[in-house]
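Heads up: the structure comes next, in structure tokens.
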Amino acid sequence: MVASPPPVQRVPLKRFAHLKRRLPVPLTVLVTALLALTVGAPRPADAQGRLPKGFERRIGVWLTNSPSPLYYDAKRIETAVAQLDAAGFNTLYPNVWSRGATFHRSRWAPLEPALARSNLGLDPICRFTKAAHRRGMQVIPWFEYGLMEPGDAEVVQKNPEWVLRRADGSALYAMHGANLKTSPLKDLRVWLNPAHPGVRARFIGLISEIVQRCGVDGIQLDDHFAWPVELGYDPYTRALYLADTGREPPANFNDRYWMKWRRQQLTGLLRELRGTLREVGGPRRTVISLSPGPFRFAYNHWLQDWELWALGELVDDLIVQNYAYSVKGFERDLDQPALVKARRWGMPVEIGILSGFGGRTPDMATLAQKVRLSAARGHGVIFFYWEGLWGQHAGPEGAAFRQAAFRRLNKEVFGSR
């Protein structure tokens, strides 16, 4: 017997997006195309994802603790924000939720172990926010892991009914180089069920507390805010689907109606989050940023319908990751149909660009080409990640050269000071 989920606050889907919700999935592409033609002129940025004062587009960077010492030292944080401001950046996306832990004391999740050992009182997200706001920059904390948890996380052990499962009952994923057979449980991942009321309360609670504590400008979800398409055969989801439709879930996890139903549960969580942020975010609209992969992959593999979410104003700021290494591949991905349509939707759309990570650090000439290609299509740019700009992954060009080069590039392309 499945418990009935509690009623949620319904935030209307705008821009006619409710029509898509009622149509068979194959027709949503046609409807989206028609809507893109009928939507009026873009609204002012403040109506959706307000931009930093004096800027027409976002120039941002993801900041994270791994691998980086940035989060564990107050002077490093202050220096990083000052350098980014001087180089013309206007938005910071610091990681706040990763590997089952957060970077502040939370009622919903444990504190990140290295931060707990090094400096309990540092509070890096609030510190980033204060340093950025003094300089007119914005801070949008990044909930990197979304609904994904380490296999050995306490919340998973205490609430096994919250975990999404495959038809064979398995739940574990090997991500980022892990191996299902040989990796320890802590290095494997599971997904929590976005349809479960307990999962929803915890997820929204994690986000609400950082918005209230630090006065941030928004929050960001990425490709881990998802429902992997092969999942949904756990007892809770089976019972909920049966109650809604009168049928058992089909064995084919790519069944279009079954995909649509699960996508609607994910959309419902995003809608509930929007309603809560209206209540806790203060008088200004709290930006909801999303950083998905290309649309077809995002929908077919993760059930992320970011076209619907953007048209429905459930997302204010869209950052589409484009980590193609070659300039030719990068330019080709800029012209994917969904991204072309997104330019007409009257919301900020940025391109996520790899600045450097591990052994992959593009030189500045390559990065400059990618930035100019993005800007020519009306997009801002967000770099992954801080240490790849001019930090430990700056490559053979070195920190001083790259820092000066980014300053010149941002000024020439975006007019930043």
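The values are calculated or read from the model by the stated rules, or taken from the named source; none is laboratory data. Remember, it's a predicted structure, so these values are computed and weren't measured experimentally. All Cβ positions, glycine included, derive from the backbone under ideal geometry; neighbour counts span all protein chains shown. Please note that ligands, DNA and RNA were not included when accessible areas were found on the heavy atoms of the full protein model with its side chains. Shrake-Rupley method; radii C 1.70, N 1.55, O 1.52, S 1.80 Å.
Annotations for the structure displayed:
- Criterion applied to Glu149, Glu112 was being buried (at least 16 other Cβ atoms within 10 Å of the Cβ) and either modelled with pLDDT of 95 or more or under 25 Å from Arg271 (Cβ atoms) (or both), and the one residue passing it is Glu149.
- Of the residues making up the stretch 77-109, those that are at pLDDT 95 or above and surrounded by fewer than 17 Cβ atoms within 10 Å (Cβ to Cβ) are Glu78, Thr79, Ala82, Ala86.
- Per the conditions (1) open to solvent by 60 Å² or more (accessible area, probe 1.4 Å); (2) under 19 Å from the mean Cα position of the chain (by Cα), the sole criterion not satisfied by Glu331 is (2).
- Residues satisfying the stated conditions in the stretch 178-212, i.e. touching a Gly at 6+ places or on another chain (Cβ under 9 Å) and surrounded by fewer than 16 Cβ atoms within 10 Å (Cβ to Cβ): Ser183, Pro184, Leu185, Lys186, Gln212
- Scanning the stretch 396-409 for residues that are surrounded by 19 or more Cβ atoms within 10 Å (Cβ to Cβ) and either over 28 Å from the mean Cα position of the chain (by Cα) or at positive phi (or both) gives no hits.
- Pairs with Cβ under 6 Å, 6+ apart, first in the stretch 241-263 and touching a residue at least 12 places away in the same chain (Cβ under 8 Å) and open to solvent by 10 Å² or more (accessible area, probe 1.4 Å), second of a type in the set (A, V, I, L, M) and in a helix (DSSP H, G or I): Arg256/Val25; Lys260/Val25
- When the stretch 377-405 is filtered for residues that are within 15 Å of Thr91 (Cα to Cα) and among the hydrophobic types (A, V, I, L, M, F, W, C), the ones remaining, listed by number, are Val381, Ile382, Phe383, Phe384, Trp386, Leu389.
- Residue tally, condition over 27 Å from Phe401 (Cβ atoms) and of a type in the set (Lys, Arg), over the stretch 53-105: 3
- Residue check, Gly215 closer than 22 Å to Arg105 by Cβ, modelled with pLDDT of 95 or more and open to solvent by 10 Å² or more (accessible area, probe 1.4 Å): no
- Residues satisfying the stated conditions in the stretch 57-76, i.e. surrounded by fewer than 23 Cβ atoms within 10 Å (Cβ to Cβ) and touching a Pro at 6+ places or on another chain (Cβ under 7 Å): Arg76
- In the stretch 343-393, the residues that are touching a Pro at 6+ places or on another chain (Cβ under 6 Å) and under 19 Å from Gly329 (Cα atoms): none
- Of all residues making up the stretch 63-85, the number that are part of a loop (DSSP other than H, G, I, E, B) and more than 18 Å from Tyr145 (Cα to Cα): 2
- Qualifying residue in the stretch 192-202 (condition: over 15 Å from the mean Cα position of the chain (by Cα), in a loop (DSSP other than H, G, I, E, B) and modelled with pLDDT under 95): no
- For the stretch 342-378, residues that are part of a helix (DSSP H, G or I), over 20 Å from Arg402 (Cβ atoms) and open to solvent by 20 Å² or more (accessible area, probe 1.4 Å) total 1.
- Among residues of the stretch 165-177, those that are under 23 Å from Asn252 (Cβ atoms), of a type outside the set (Gly, Ala, Ser) and either exposed (fewer than 12 other Cβ atoms within 10 Å of the Cβ) or within 21 Å of the chain's Cα centre (by Cα) (or both), counted: 2
One line per residue, one yes/no per condition, for (1) touching a Pro at 6+ places or on another chain (Cβ under 9 Å); (2) under 13 Å from Asp217 (Cβ atoms):
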| residue | (1), (2) |
| --- | --- |
| Trp108 | no, no |
| Glu112 | no, no |
| Ala116 | yes, no |
| Gly121 | no, no |
| Ile125 | yes, yes |
| His133 | no, yes |
| Trp142 | yes, yes |
| Glu149 | no, no |
| Asp152 | yes, no |
